[in-house]
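> Pasting a structure here, questions to come.
Just so you know, all these numbers are worked out from the coordinates, no wet-lab data involved. No experiment lies behind these values; they were computed from the predicted model shown. Here Cβ is always computed from backbone atoms with ideal geometry, including for glycine, and neighbour counts include all displayed protein chains.
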Amino acid sequence: MTRRELRLIVVMIIGIEIAGYAQMRVPGFPPGAWWKDRRVAEELKLTQDQQGKIEAIWVEHRRRLIDEKAELDKRQLDLSDTLSKEQVDEAAAMKAFEQVQVARTALERTTFSMRIRTKNVLSPEQQQKLDEVAEKTRRERQAGSVAPKPSNTPR
């Protein structure tokens, strides 16, 4: 395998990792601290207690997510370094690849746990409403990225 082919593989693996991480964060929840957004909180009829519980869940998990994302980044760097050598040690490359997968799984597991615990704070009606808000937000963002932005210059 040529050095160019190996670099292409590394770029593809990292791209898949990034796309997977981004994709797992999007469905079901609006972006950001949605439970603090007055409009969303009112639409879902969140209580102060629910907002506090959701905040605590996200803070607890966010700290782990930061560490786990850093670990994933390090493992991806290790894999990239291993594959960028003139002669690739197949065993070392496979070990580095497996470490990337372990780090990615840990990150996904923490995200999944955070989402389940957050969902369980909400009533079924609130969960449904949150799905609707998240979908509406996603559509608005997509439309905003495609539609031309209005000009701020006076006519």
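> Among the lysines, which have Cα under 29 Å from the Cα of K95 when same-chain residues fewer than 8 positions away are ignored?
Hits, sequence-local ones excluded: K69, K74, K85.
> What does the extension gain come out to for R62 and L77, with contour length at 0.36 nm per residue minus their alpha carbon separation?
That pair, R62 and L77, stretches by 3.2 nm at full extension.
> How would E98, E86 line up from fewest to most surrounding beta-carbon atoms within 10 angstrom?
So the ranking, lowest neighbour count to highest, is E86, E98.
> Quick one: grab the alpha carbon gyration tensor of segment 37-155, order the square roots of its eigenvalues as a ≥ b ≥ c, and give me rounded if a/c is under 1.5, else prolate or oblate depending on whether a/b is larger than b/c.
Oblate.
> Okay, moving on. In terms of the Cα gyration tensor, with a ≥ b ≥ c the square roots of its eigenvalues, is segment 84-147 rounded because a/c is under 1.5, prolate because a/b exceeds b/c, or oblate?
Because a/c hits 1.5 or more and a/b fails to exceed b/c, segment 84-147 counts as oblate.
> Could you list V59, V121 in order of exposure, starting from the residue whose Cβ has the fewest other Cβ atoms within 10 Å?
Listed from fewest to most nearby Cβ atoms, that is V59, V121.
> Neighbouring Cβ atoms within 10 Å as the yardstick, rank D49, D131 fewest first.
Going from least to most buried by this count: D49, D131.
> Loop only per DSSP, at most 13 neighbouring Cβ atoms within 10 Å: give me the trypsin sites (Lys or Arg not before Pro) in segment 74-107, ordered by residue number.
Taking segment 74-107 and a limit of 13 other Cβ atoms within 10 Å, the loop trypsin sites (Lys or Arg not before Pro) found are K85.
> Given points 7 Å out from each Cα along the Cα-Cβ axis, report the Q87 to R138 separation in nanometres with one decimal.
Calculated label separation equals 4.9 nm.
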